[in-house]
Every structure is written in structure tokens, then in C-alpha cells.
1. Identify, among A:Phe67, A:Tyr117, A:Ile36, the residue whose Cα sits farthest towards the positive end of the charge dipole of the stretch A:1-152, taking +1 on the Cβ of Lys and Arg and -1 on the Cβ of Asp and Glu, with the dipole about the Cα centre.
2. Return the average number of partner chain Cβ atoms within 10 angstrom of each residue Cβ along peptide A:71-83.
3. Taking 8 Å as the Cα distance limit and 6 or more residues as the minimum spacing, I'd like the relative contact order of the stretch A:20-81 as a percentage.
4. Give the order of A:Ser150, B:Ser161, B:Ser229 when sorted by the count of other beta carbons within 10 angstrom, beginning with the fewest.
5. What residue among B:Ser115, B:Leu232, B:Ser141 has its Cα farthest toward the positive end of the dipole of chain B, where the charges are +1 on Lys, Arg and -1 on Asp, Glu, each on the Cβ?
6. By its C-alpha gyration tensor, with a ≥ b ≥ c as the square roots of the eigenvalues, how is the stretch B:35-261 shaped: rounded for a/c under 1.5, else prolate for a/b larger than b/c, else oblate?
7. Please identify the DSSP H helices in chain B that span no less than 18 Å along the helix axis (Cα) and have a mean Kyte-Doolittle hydropathy of -1.0 or more.
8. Within chain B, what's the longest stretch lacking trypsin sites (Lys or Arg not before Pro) that sit in DSSP loops with no more than 10 other Cβ atoms inside 10 Å?
Amino acid sequence: MILEIFTYLLRFALILLIQLLVVNNIELSSYVNPYIYISFILLLPVTVKPWHVVAISFLVGAVMDAFSSTPGLHIAAANFMGFIRIHYLKATTTKEDIEGRISPTLSQKGVVWFVFYCLMMTLIHHTILFFLEIYGFQEFFATLTRIVMSSLVTVMLILLGQLVFFRSKQKNG
Amino acid sequence: MRNLLFFISKYYVFFLFFALEISSFVIIYRFNNYQKASFVNYTTGVTSSFYTTVSNTQQYFNLRHVNDSLQMENARLHSQLITSYYQNQFTPKMVNDTIYKQQYEFIPASVVNNSVTKRNNYITLNRGRLHGIEPEMGVISESGIVGIVMSVSEHYCTVLSLLNNNCKISAKIKKNGAFGSLVWDGSDPRYAKLLDVNKHVPIASNDEIITSNYSTIFPEGIPIGRIFSHSLDAGDNFHTIKIELNTDFGNISSVYIIRNLMKNEQKNIESTIKN
């Protein structure tokens, strides 16, 4: 159990470093601000207790807020996404998934399911984040463009991460 | 009562989520106004030392560019030295401090963390309360304005970049002195917009934009940029002006923080008028 927690902390540190050092420095345009740190919440095993997911999302958002000098934006977005994730997984996972204690990853659930799952969660997260960032509905369509473009890039980066980091598991399974 | 407890225990996840979500909105609401924004005070200590390590590494790769810009600035300052002027005329030399009292002080600082692509961008500098930095001081680079100090910790301060939704800077057109306010529309870090310039004011492309004398944050006449394009919609009372900024926000590494030594005096006398 402790080993497991340690592994997840290490994974979070790694994802956070990638987010802060690499992804935050992607300066494609001001409409592309991918946030891949949410993949940590997305990839938690399906068996994690619901209130743990909510609490973890809150903490992940708080850490991200501290590093991007934004008060509460990432907390609000990540927390909401964590809550939706609970219900989304409840609706789309099978009994075997829960018994097998799997993580909702690309190799476990298949490409279509995983892409759709990521896209939905990312859209929810980015919608809340970017609208709170501008704090109102002025520049509505610019914000909408920002949400869609950033979500697409985020999903692509998460997929890329899956292919790079989870490949070995795919071979075993 | 039992039913209530049962209800809560059945939906405890939702209630936990709801409580956390509400707390996040409280944080957002409390710290959204940038003058009150001291959220960063709580977090700057830890995160800034991380960013310092990163920026120390990055600065190494930036040295060539920094050298170039410092050389340029040196050249410019040299040309302003009294020794590079030929004295054309005899004027009585006045050495009297009551005539020229220093109003602005410049504190050099270097950029620890910066972003340009977000809608609200912030810059972290390596100067803080120990160096006499306070909120609402102006920040400029060698080529133009950068932003306004937002919150200060012991060794660091965060700057509300000009590339931020909350940043509004009083500017004027150098040629005719027409005032406007400078805002960023969030699309391209090289351009900003100048609002509220009346339609009867004649403007042209390449007109210089400088800071106005209406603010207590920036001295008058700090360069901001040039008019890139302008248009006037029918029925509109104000010009739509797009400004090409002098400061290359993607590439700032050394900046100056401006302390207005007479700010308190001005604020005090202005507050007596309001009451």
C-alpha cells in the first residue's frame, strides 16, 4: 500500500515536472495552453474510492495553482473534473474492470474508449479553467477557440505519453 | 435527523466535492482583484526557488542575447552622457537640488519565471520586500514597459504582465498627447490595443505610444510601442488601434522596477479631494 502511494507520488512529481518544464514552455500560440497534469487524475485506478478522487483532484489543483500564481482556478477545474470522472467511470466500466483493479489507460480500455474519455474530461476541465481565467463571458468566442484548441493538444500529448510510458505493459498484457 | 444523516452519508462524495468547489470559488473571488491579490504570498516561497533553479539554467543559454541587449543599452546610455554632447551655447549652470528633486528610482531585477501564451500572464522577479519592493510599482525593460508589481514576498515579487486581462495602463500618443488606455486582447503577445482614443484625434501608423503622466506608477514618456494599424468603424466614437509593443515579452531577462518617491504624497493629496 505504502509502496503504491509512493509510486503515485513519484508519478505525480514526474507529470508536474513535464507540465512545468516542457509543456508550459510550448509557445505555439496564445490559443494553445495544454494542461497535461490532469492525466494524473484521469489515470488513477478505477478502484480508488470516490472521495479519494475528489480530495486528490483538489490537492493536484492546489499544487498547480501554487506554481502558476493563479488563485483557485486549477482547484475549481480539477475538482469538478474529478467529480465528473467518478460518474463517467461508473457508467462506462464493466464488472471485470473493477475486479481486475485496472487503470483506465489506453492499453486496458482500447483507443476509442480512451480518446473519448480523455476528450470529455479535458473539455470539462479546460472549459471551467479558461472561463474562470477570463472571469466572465467577454471574448466568448476567443475563449471557446482556446478551449477547443488546448483540449485537442492536451489529448494528443496524453496519448503520446501513453504510447511512451505504458508500452511495456501493453506487451505483457 | 436520522434521515438527514443518512442522506448526507449516502451522498458524502457529492457534499465533499461541493464543499471543495465552493472553497475554490471563495479563493478565486477573494483574490481576483489584482490589488488585493496576495495569494501568491503564500506560495511564492516554495515555488519561486524552484523557478530560480530553472531560470538559472535557462539564463545560461540566454547569455548571448543578454550581452547583445546590454551592449545596445550601454551604447544608448553612452550617447546620452554629457561628454558626448558638444556644448553649443553658454548657459548658466544651475546646481541646486531644490529645482531637480529625484522622483523615480530604478531597481534592477532579473526575471525568474515568465509566460506569454496564457490569457493572464504573470512574471516573477528576484527582488522582494528586503529590497524595498512594494505592490503597484512599475516594471520596465530596456525597450519598454513590462507590467506592474502585484504581490511581494521576502525575496521575490510577482508582476502583473502587460499581457494580462487585469492590466490596464494609461498611455498617450507622443505626437499629439491624446490619452487612451492600453489593454491586451489575449491573442498575440506582440500586439496590444489602445482604447478610448477619441475619433477626432488624427492618428497615423507608426506613431509612437508612450506612458502618460496620469499614473503614479510609471514616469511620463516611457516608450510602449508604435501604432501598427488603426481603423474607425462607422458610428463608433473611438478609434480601434492596434499597437506593436516594443518589449519582446517572450525574451525578457533583465528589467527595472520603478519606485515613485513622491507617490504617497500624490495619493494623500488626491484622497483629500475625494472626501
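1. Of the listed residues, the answer is A:Tyr117.
2. Values: counts 14, 11, 5, 1, 7, 8, 1, 2, 8, 4, 0, 2, 7.
Mean partner-chain Cβ count within 10 Å for A:71-83: 5.
3. On the way: 40 pairs, mean separation 15.1, N = 62.
In percent, rounded to a whole number, it is 24.
4. Numbers: A:Ser150 23, B:Ser161 26, B:Ser229 11.
Starting with the residue having the fewest Cβ neighbours, the order is B:Ser229, A:Ser150, B:Ser161.
5. B:Ser115
6. Numbers: a/c = 1.60, a/b = 1.10, b/c = 1.46.
Verdict is oblate for the stretch B:35-261.
7. Working: long enough: B:12-31 (29 Å, 1.79); B:39-80 (45 Å, -0.62).
Correct list, ordered by number: B:12-31, B:39-80.
8. Details: sites that count: B:Lys93, B:Lys101.
Answer - B:102-275.
None of the figures in this text is laboratory data; all of them are computed from the coordinates on show. This structure is a prediction, so every number in the text was calculated from the model and none was measured. Every residue, glycine among them, receives a Cβ derived from its backbone with ideal geometry; neighbour counts consider all protein chains shown.
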